[in-house]
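The values are calculated or read from the model by the stated rules, or taken from the named source; none is laboratory data. Since the structure is predicted, the reported quantities are computational estimates derived from the model, not experimental observations. Note that each Cβ is placed from the backbone with ideal geometry, even for glycine, and that neighbours are counted across all protein chains shown.
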Amino acid sequence: MAELNYRKAAVIGCGFVGAASAFALMESGLFSEMVLLDANREKAEGEALDISHGLPFAKPMRIYAGDYADIADAYVIIVTAGAGQKPGETRLDLVKKNVGIFRSIIPQIAQVNRDAIMLIVANPVDILTYVARQLSGYPENRVFGSGTTLDTARLKYLLGEHLAVDSRSVHAFIIGEHGDSEVAAWSSANVSGIPLNDFCEMRGHFNHEAAMKEIAENVKNSAYAIIEKKGATYYGIAMSVKRICEAIVRDEKTILPVSSIQHDNHGLSDIALSMPAIVGKDGVECTVPISLNEAELQALQASAETLKKVIEEVL
């Protein structure tokens, strides 16, 4: 196996999400080399050229289209390849198509590079993270999914708008499945340490239950609304990919709600779903115990059961 180049990333799949992620990574200056792979080689070449033409306005970087041999020394391998979500289709509808695609892709990655960190972004991300772990043989800490990182950003954004406060001061998580059974962990949400309900009342909002329900629904349905209006979502997830890569490359030990294999976490085991986790240079260091009320715990366990049933059907 080649020695890892810690300034090199690989993006596998150059559709909307892969191309937007590659663009966000080029702008970030995190890497000095990036290889793009796609089943359609010309698509990868076109994206590499297009993104490269912005380099005079960014940091020096080598961006090119390649094949699996070119990822042998990549430190972070970002897998966005898969069929896209069509209007009217749930993320779980995608599962059989994309598991089939992963059966082809993941063993080819593992054959040339067993030491990278593999970040799964394709949907349904929780199922595909679990499948990628099985197919790759990678240690569990080094194969994980983008999970509910984007859903959590959407929650912070909407709460920031609702409260007229900087969304970066909002501390709240979406946990569980990245999809229809996701759970807003309201009981641990706060704004700069102030309990959420107290802060809401300070800003003149008193109808907590209705507001929480509406915001959680808006978060859950964001992707569907965007897909209906423009056909696909890609900028938000590209920024999420960049943020996760920052945490890895800089060994930030940032707490992010990524999708990883759970071990007796709130009674959940042998399933990949999102819980807050410490992310650094070796991937997922550990999950962070988050306090949940009884209703949230039940919803999280139901989310896990939903995912387990799908896995049983496809594996």
Here the residues within segment 259-275 that are in contact with a helix residue (DSSP H, G or I) (Cβ under 9 Å, 6 or more places away or on another chain) and not hydroxyl-bearing (Ser, Thr, Tyr) are 261, 262, 263, 266, 267, 268, 270, 271, 272, 273, 275
Turns out the helices (runs of 4 or more DSSP H) fully within segment 95-211 with at least 1 residues that are farther than 22 Å from residue 25 by Cβ and more than 23 Å from the chain's Cα centre (by Cα) are 95-112, 149-163, 196-202
Counting only residues in segment 123-133 that are out of contact with any strand residue (DSSP E or B) (no Cβ under 6 Å at 6 or more places or on another chain) and crowded, with 24+ Cβ neighbours inside 10 Å, the one nearest to residue 15 (Cα to Cα) is identified as 123
Of 51, 71, 63, the only residue that is within 20 Å of residue 144 (Cβ to Cβ) and buried (at least 17 other Cβ atoms within 10 Å of the Cβ) is 71
In this structure, is residue 153 at pLDDT 95 or above, under 30 Å from residue 282 (Cα atoms) and touching a Gly at 6+ places or on another chain (Cβ under 9 Å)?
yes
When segment 256-309 is checked residue by residue, the ones that are without any contact (Cβ under 8 Å) to a residue 40 or more places away in the chain, of a type in the set (Ser, Thr, Tyr) and in contact with a strand residue (DSSP E or B) (Cβ under 6 Å, 6 or more places away or on another chain) are 287
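So which residues in segment 212-239 are hydroxyl-bearing (Ser, Thr, Tyr) and either assigned to a helix (DSSP H, G or I) or modelled with pLDDT of 95 or more (or both)?
Answer for segment 212-239, where residues must be hydroxyl-bearing (Ser, Thr, Tyr) and either assigned to a helix (DSSP H, G or I) or modelled with pLDDT of 95 or more (or both): 222, 224, 234, 235.
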If you go through 49, 30, the only one that is in a helix (DSSP H, G or I) and assigned by TED's automatic domain parsing to the domain that holds residue 83 is 49
Quick check: is even one residue across segment 224-237 farther than 30 Å from residue 34 by Cβ and buried (at least 19 other Cβ atoms within 10 Å of the Cβ)? no
Within segment 245-277, the count of residues that are on the phi > 0 side of the Ramachandran plot and either in the same structural domain as residue 24 (by TED's automatic domain parsing) or among the charged types (D, E, K, R) (or both) comes to 4
Selection over segment 277-305 where residues are surrounded by fewer than 18 Cβ atoms within 10 Å (Cβ to Cβ) and either of a type in the set (D, E, K, R) or touching a Ser or Thr at 6+ places or on another chain (Cβ under 6 Å) (or both) yields a count of 7
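When the residues of segment 248-297 are narrowed to those that are in a strand (DSSP E or B) and small (Gly, Ala, Ser), which ends up farthest from residue 122 (Cα to Cα)?
Restricting to residues being in a strand (DSSP E or B) and small (Gly, Ala, Ser), the top hit is 280.
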Residue check, residue 192 free of Cβ contacts under 8 Å to residues at least 40 places away in the same chain and small (Gly, Ala, Ser)
yes
Given the structure, is residue 280 at positive phi and assigned by TED's automatic domain parsing to the domain that holds residue 309?
no
